[in-house]
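No lab work stands behind these numbers, since they all come straight from the coordinates. These numbers were taken from a predicted model, which means no experiment stands behind them. Don't worry about glycine lacking a Cβ; one is built from the backbone with ideal geometry, like all the others, and counts go over all protein chains shown.
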Amino acid sequence: MLAPLLLALQVAASAPGASSIAIRAATSVQRVALVGEATAPMLRPQSLAPLLPVVVTQEAPGRYHVLVSGVAFGLEVGVATTTIGGQVTPLAAAPVERNGQLLVPLQLVSEVFPAYVNNLRWNAATHELVIFTRVGSAKHQARLVVVDAGHGGPDNGMTGPLGAPISIYEKDVTLAVAKRLGLELKSRGLRVLFTRTTDTLITLSDRGRIANQAGGDLFISVHVNAASLDWKDPAAGRGFETYFLSEARTEDARRVEEMENQSVRFETGTAVSNSDPLNYILSDMKQNEHLRESSDLAALVQEHLASMHPGPNRGVKQAGFRVLVTAFMPAVLVEIGFGTNAAEAKYLSDRRHQAEIASAIADAAAEYLRRYERRVGAGEGRDER
Ligand SMILES: [Zn+2]
């Protein structure tokens, strides 16, 4: 019954000016309708799901983030390019919005997706997107590191330095370091997913959600620190520190926690109240199982940064960061230096030093994953997914 039906569908699909394509997996086929002119066919990316896992997130009016099997494609209405891991790739036509729905050119699905998503092939003869089943267990796949550039869009993060005209915006430094970190991780054989690759606002909870949906193995959030004006000499504050999620243990950790959680002010529809679920979630077992792992990762990040960073090592710290709360995986937040200090603001703005910082963090992540793989191999790790 099934075979003749499929044959008929294939014939229809291969006809000129086909009005649909097919998604083919090992045991099932799904049809996806095309819209628009036959010469410039478009489709709704969500219509590829559920056979192909696609998550569409609107980052800002006209700006979208399409996640396909853990690979993020940045799209903008009216702009005929897509951004993947900081790289810009041309599209056959610009994405459009119709009735509030994002439509993308078929070429994004037939050419660009297969070029970046490992298990996809396009069959031009049958107009089919073929999904190959991954061979081997998850253990043999490269680990996925989620790289989160702090702040973005209307949320500048901190600005500095103190006592001088503004020369450093945290959101720009975090994006530059995050992009570089992605390259460094890839060069170490790891897979990378960015929560943002442009100057855009992503809510703190969405950052974790993006990481979870992609099945991330590690989450690294990059930030720039700011001194408290209550300090004796705020402009002199320097150095790097790495946090993992827990209840803030010191007054200074609470200061950084408050500062980084301020981003919610820019999120529409996010109410901050006393009934905040943060403390409740902190006690959730799902997070606690990653506390030890997160603390190990934080220690390695500090160790590697200490080998190259001119500022003092301020150590591993704990605080209740919202961005870490929603990521159910070992997760750290790295404060790569103080933008309030003139010398460190200059250091953090320098591309060469940004690359060195990124390289040190990538070394830490790679070393952590090597140790972790060994633990898994010895049967002491968590269950395989
Ligand atoms: Zn920050």
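Quick notes on this one:
- R0 of 30 Å, Cβ-Cβ distance Arg351-Ala49: FRET efficiency to nearest 0.05: 0.15
- Normalised size of segment 173-244, defined as Cα radius of gyration per 2.2 N^0.38 Å with N residues, equals 1.35.
- Bridgeable aspartates and glutamates around Lys317 (alpha carbons under 12 Å apart, same-chain partners fewer than 8 residues away excluded): Glu241, Glu247, Glu251, Asp252, Glu257, Asp296, Glu335.
- Spatial offset of segment 60-118 relative to segment 310-368 amounts to 30 Å, using the alpha carbon center of each.
- Phi angles of segment 35-43 translate, via the Karplus equation with coefficients 6.51, -1.76, 1.60 and θ = phi - 60°, into HN-Hα couplings of 10, x, 5, 4, 7, 9, x, 10, 8 Hz per residue; Gly and Pro are given as x.
- Of all beta bridges that DSSP places with both ends in segment 14-131, some 90 percent have antiparallel geometry.
- Burial ordering of His309, His223, fewest other beta-carbon atoms within 10 Å first: His309, His223
- A cut-off of 5 Å between modelled amide H atoms, ignoring neighbours fewer than 5 places along the same chain, links Gly70 with no other residue.
- Our coupling estimate for segment 185-201, obtained by passing each phi through the Karplus curve with A = 6.51, B = -1.76, C = 1.60 and θ = phi - 60°, is 5, 4, 5, 9, x, 9, 8, 10, 10, 9, 6, 8, 10, 9, 7, 9, 8 Hz, Gly and Pro reported as x.
- In sequence order, calculated HN-Hα J values of segment 106-120 (Karplus, 6.51, -1.76, 1.60; Hz; x Gly/Pro): 3, 4, 4, 7, 7, 10, 6, 4, x, 6, 10, 9, 3, 9, 10
- Arg31-Asp199 FRET efficiency (beta carbon distance; Förster radius 35 Å; 0.05 resolution): 0.40
- For the pair Arg370 and Thr89, the difference between a 0.36 nm per residue extended length and the Cα-Cα distance amounts to 97.9 nm.
- In this rough spin-label picture, where each label sits 7 Å from Cα along the Cβ direction, the Arg292-Gln262 distance is 3.7 nm.
- Exposure proxy shown here: for Leu106, Leu181, the number of other Cβ atoms within 10 Å sets the order, fewest to most, as Leu106, Leu181.
- Net charge of the neighbourhood of Leu333, taken over other residues with C-beta under 12 Å away and scored Lys/Arg +1, Asp/Glu -1, is -2.
- Beta bridges per DSSP with both ends in segment 138-373, % antiparallel, nearest 5: 25 percent
- Distant-in-sequence amide contacts of Lys317, defined by a placed amide H-H separation under 5 Å and a gap of 5 or more residues or a different chain, comprise Thr242, Tyr243, Phe244.
- Taking 7 Å steps out from each Cα toward its Cβ at Asn119 and Trp231 produces label points 4.8 nm apart.
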